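> This is the structure, below, for whatever I ask next.
The values are calculated or read from the model by the stated rules, or taken from the named source; none is laboratory data. On a predicted model such as this, the values are computed, not experimentally measured, just so you know. Heads up, the Cβs are rebuilt from the backbone with ideal geometry, glycines too, and the neighbour counts pull from every protein chain shown.
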Amino acid sequence: MANAKTTWKDYLELTKPKVVLLILLTAVVGMYMAPTDTVPLNVLIIATLGIGLASGGAAVVNHVVDQRIDAIMARTFKRPVATGKIDNKRAIIFATVLSVTSMILLYGYINTLTAVLTFFGLVGYAFVYTMYLKRATPQNIVIGGLSGAIPPLLGWTAVDGYGGEIHPHALLLVLIIFVWTPPHFWALAIFRKDEYAKADIPMLPVTHGIDFTKLNIVLYTILLLFAAALPYLVGMSHLIYLVSSTILGLIFLYYAIKLKRTEDRKVAMDTFKYSIHYLMVLFVALLVDHYYPI
């Protein structure tokens, strides 16, 4: 039974607001990168709200499905569903309201393509990744990462998707986040290896060892350097972005190599934290470069 002291903050926590804010940043940048003179204010507000609600709804489903795991892990044992502050029924109703409202906003006031892509992203994360991939394969975060990589595409199509077509440049933004996701998450998985093992989740450090995971983080970070350079190479961005992406990528690589050469798991958490800053600053640099090309 849900705790009588449940507050709105508990429901907000279910939506993983910090993750949603990062998602919305990439989505908004996607809107402004689309080939249009300006982003209409109504599109900016409604699309951002719709994408945010869908992301929050998927996060709530994640809380419900992962409550056994969350109760075991130190990072998550205080989550509202894991502690029983919010019961499954109320959490599922909340997720449904968020998700349905998202679809109504995006389909009714933006366009069909954005609504459909958002729906597949929601299903991909909440059900395919959370319910199946996470427990089925150590490549869970690689395969499932696609659903978490589409927010800039959603932002782009919200502005430019009325003809039902996807611009190739929007897919480059998806590619960057797709390649970024494994080294980002595997760094955390190294730090939390023992907890994932206890929860019987086949994360890469659990199934293949920490050294193998560290090597993969280095390799993916090198790949990320090249992926992040693609917007410049295809003429989508200019010098500010190129310099920013290169510096940010080299710093990421420094952390990855440092992690590879040490036994201190604290470095894994430092790498994880930097990876978040990397993505935020990279997309801000992309936006600044778009309006101040050099």
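> Output yes when any residue across region 86-93 is within 26 Å of L171 (Cα to Cα) and surrounded by 19 or more Cβ atoms within 10 Å (Cβ to Cβ), and no when none is.
Within region 86-93, not a single residue is within 26 Å of L171 (Cα to Cα) and surrounded by 19 or more Cβ atoms within 10 Å (Cβ to Cβ).
> Just the residues that are at pLDDT 95 or above and either of a type in the set (V, I, T) or touching a strand residue (DSSP E or B) at 6+ places or on another chain (Cβ under 7 Å) (or both), please, taken from region 79-115.
I92, I93, T96, V97, V100, T101, I104, I110, T112, T114
> How about region 66-87: which of its residues are in contact (Cβ under 8 Å) with a residue 60 or more places away in the chain, of a type in the set (A, V, I, L, M) and not in a loop (DSSP other than H, G, I, E, B)?
Residues satisfying the conditions are I69, I72, V81.
> Here's another thing I want to ask about it. Out of the residues in region 245-287 meeting the condition of being of a type in the set (S, T, N, Q) and without any contact (Cβ under 8 Å) to a residue 24 or more places away in the chain, tell me which one is farthest from W156 (Cα to Cα).
In this case the residue turns out to be T262.
> Which of the residues spanning region 228-263 are on the phi < 0 side of the Ramachandran plot and outside any helix (DSSP H, G or I)? Break it down into steps so the answer makes sense when it comes.
Taking region 228-263 first, the residues on the phi < 0 side of the Ramachandran plot are 228-234, 236-263.
The answer is V234, M236, S237, H238, R261, T262, E263.
> Quick one: G163 ticks every box in (1) over 13 Å from the mean Cα position of the chain (by Cα); (2) assigned to a helix (DSSP H, G or I); (3) of a type in the set (G, A, S) bar one, so which box is it?
So the condition that G163 fails would be (2).
> Here is a further query. Tell me, yes or no, whether region 40-55 has at least one residue that is surrounded by 18 or more Cβ atoms within 10 Å (Cβ to Cβ), among the small types (G, A, S), in contact with a Lys or Arg (Cβ under 9 Å, 6 or more places away or on another chain) and over 20 Å from H169 (Cα atoms).
Yes; the residues of region 40-55 include at least one that is surrounded by 18 or more Cβ atoms within 10 Å (Cβ to Cβ), among the small types (G, A, S), in contact with a Lys or Arg (Cβ under 9 Å, 6 or more places away or on another chain) and over 20 Å from H169 (Cα atoms).
> Among the residues of region 60-69, is there at least one that is under 30 Å from A285 (Cα atoms), at pLDDT 95 or above and surrounded by 14 or more Cβ atoms within 10 Å (Cβ to Cβ)?
No, that holds for no residue.
> Can you find even one residue in region 50-58 that is among the aliphatic types (A, V, I, L, M) and either more than 24 Å from M280 (Cα to Cα) or touching an Asp or Glu at 6+ places or on another chain (Cβ under 6 Å) (or both)?
no
> Being crowded, with 21+ Cβ neighbours inside 10 Å and not hydrophobic (A, V, I, L, M, F, W, C) is the filter here, so list the residues in region 273-289 that pass it.
S275, Y278, D289
> Which of the residues that make up region 252-271 are in contact with a Phe, Trp or Tyr (Cβ under 7 Å, 6 or more places away or on another chain) and modelled with pLDDT of 95 or more?
F252, Y255, A268, M269, D270, T271 - these are the residues of region 252-271 that are in contact with a Phe, Trp or Tyr (Cβ under 7 Å, 6 or more places away or on another chain) and modelled with pLDDT of 95 or more.
> Which count do you get for residues in region 70-83 that are in contact with a Phe, Trp or Tyr (Cβ under 6 Å, 6 or more places away or on another chain) and surrounded by 22 or more Cβ atoms within 10 Å (Cβ to Cβ)? Give the derivation first.
To start, the set of residues in region 70-83 that are in contact with a Phe, Trp or Tyr (Cβ under 6 Å, 6 or more places away or on another chain) comprises 71.
If we keep only those that are surrounded by 22 or more Cβ atoms within 10 Å (Cβ to Cβ) too, we end up with none.
The qualifying residues number 0.
> Let me ask something else about it. Can you spot a residue in region 115-133 that is surrounded by fewer than 16 Cβ atoms within 10 Å (Cβ to Cβ), of a type in the set (V, I, T) and more than 15 Å from the chain's Cα centre (by Cα)?
No, region 115-133 has no match at all.
> Still on this structure, please answer the following. So is L146 part of a helix (DSSP H, G or I), over 25 Å from Y11 (Cα atoms) and at pLDDT 95 or above or not?
In short, no.
> Let me ask something additional. Looking at region 98-112, is at least one residue within 21 Å of the chain's Cα centre (by Cα) and in a loop (DSSP other than H, G, I, E, B)?
No, because not a single residue in region 98-112 is within 21 Å of the chain's Cα centre (by Cα) and in a loop (DSSP other than H, G, I, E, B).
> Can you find even one residue in region 207-226 that is under 30 Å from V39 (Cα atoms) and in a loop (DSSP other than H, G, I, E, B)?
So the first thing to find is which residues in region 207-226 are under 30 Å from V39 (Cα atoms), and the list is 224-226.
Narrowing further to those that are in a loop (DSSP other than H, G, I, E, B): none.
No, every residue in region 207-226 fails to be under 30 Å from V39 (Cα atoms) and in a loop (DSSP other than H, G, I, E, B).
> On to the next question. Do the conditions hold for R90, that is, is it of a type in the set (D, E, K, R), at negative phi and either assigned to a helix (DSSP H, G or I) or touching a Phe, Trp or Tyr at 6+ places or on another chain (Cβ under 7 Å) (or both)? If you could, list the steps in order and put the result at the bottom.
Details: of a type in the set (D, E, K, R): yes; at negative phi: yes; either assigned to a helix (DSSP H, G or I) or touching a Phe, Trp or Tyr at 6+ places or on another chain (Cβ under 7 Å) (or both): yes.
Yes.
> Only one of (1) among the hydroxyl-bearing types (S, T, Y); (2) within 15 Å of the chain's Cα centre (by Cα); (3) outside any helix (DSSP H, G or I) is not met by T38, so which one is it?
For T38, the failing item is (2).
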